[in-house]
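Presented below is the structure to which this report refers.
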Amino acid sequence: MATNIGIMDAAYFVGRSEILSWINSTLQLNLSKVEEACSGAVHCQLLDAAHPGIVPMHKVNFDAKSEYEMIQNYKVLQDVFNKLKITKHIEVSKLVKGRPLDNLEFMQWMKRYCDSVDFGLQYNYNPLERREVCKGGRETSKKSANSQASTKGSTAQRPHSSHNARRNEVSNANPTNQAAKVARAAPSAGNPAPVYEEKITELKLSIDSLEKERDFYFAKLRDIEILCQTPEIEHSPIVAAIQKILYATDDNGMAVVEAQAMISVGRKK
């Protein structure tokens, strides 16, 4: 069972779409963004699904709007963490701000944890029934159901009459009409289409993830550098070889060769 997992664990490379699909299918919700779960109520119910009955769902508030109300949800979550002896630190102050990356990372951890337990599947977990006792739970379920119904309705194709079909054929044959359609379809510069905004968000998350990975490896290198400065070993051949690689400015692979030669010479002495 995973409680603390490293930053380079595969869990932190699970995409936003997969996380949303997992949340929505598990809890019968209709979230469109991971940060919509920033109130902590979703996390509480995910843990309730993983360990049925352990979360006091009557204390969970799905209608939490203010940071104070959200914090109460995270207190419930922390109490359950304590019961389960989960040592994962909850960055409440960051999560309640609704920042995409912080919420994505914590939800990635939640999925990794839930995947590592039975996840209550053998208990025939009923998310709607469990949410009934929560403040705002019934409204959340109704809202999700209505949203799903409207989505299905919008994607359903309506049959066209032969009269409409002929009218469309005439309209399509008119170059003026075609130009007007193109003009209407093109997003204005001042109001980019939602798809562009989504792509921008994904790119920002990707950049944040890459920067975090960079900082992770830089910290490791810094730790090695500090270790090499320990008085008891700083003059040893192996440390000199390591420093040769650390401080190399060329990327031609010669630093490794020279470091290996330094170790060989040190052994012969």
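Placing +1 on the Cβ of each Lys and Arg and -1 on the Cβ of each Asp and Glu in the stretch 10-146, which of CYS114, THR140, VAL76 has its Cα farthest towards the positive end of the resulting dipole?
Positive-most Cα among the choices belongs to VAL76.
I'd like to compare 49-57, 198-206, 255-263: which one has the highest average count of other Cβ atoms within 10 Å, and what's the full order after that?
49-57, 255-263, 198-206
Pull out a ≥ b ≥ c, the square roots of the eigenvalues of the alpha-carbon gyration tensor of the stretch 203-266, then state rounded if a/c is under 1.5, prolate if not and a/b is larger than b/c, and oblate in the remaining case.
Oblate, since a/c reaches 1.5 and b/c is not below a/b.
Can you tell me the Rg and Dmax of the stretch 39-122, counting just the alpha carbons, in angstroms?
12.1, 36
Can you compute the charge dipole magnitude of the stretch 203-266 about its Cα centre, using +1 on each Lys and Arg Cβ and -1 on each Asp and Glu Cβ, nothing else charged? Give it in debye, rounded to the nearest 20.
100
Which residue, GLY266, LEU227, LEU205, has the largest displacement toward the positive end of the dipole of the stretch 203-266 when charges sit on each Cβ (Lys, Arg +1; Asp, Glu -1)?
LEU205
Taking the Cβ of LEU221 as the centre, find all other residues whose Cβ is under 12 Å away and add up their charges (Lys, Arg: +1; Asp, Glu: -1).
0
Read-outs throughout are calculated quantities, based only on the coordinates presented, and are distinct from any laboratory measurement. Because the structure is a prediction, the values reported are computed rather than measured. Note that each Cβ is placed from the backbone with ideal geometry, even for glycine, and that neighbours are counted across all protein chains shown.
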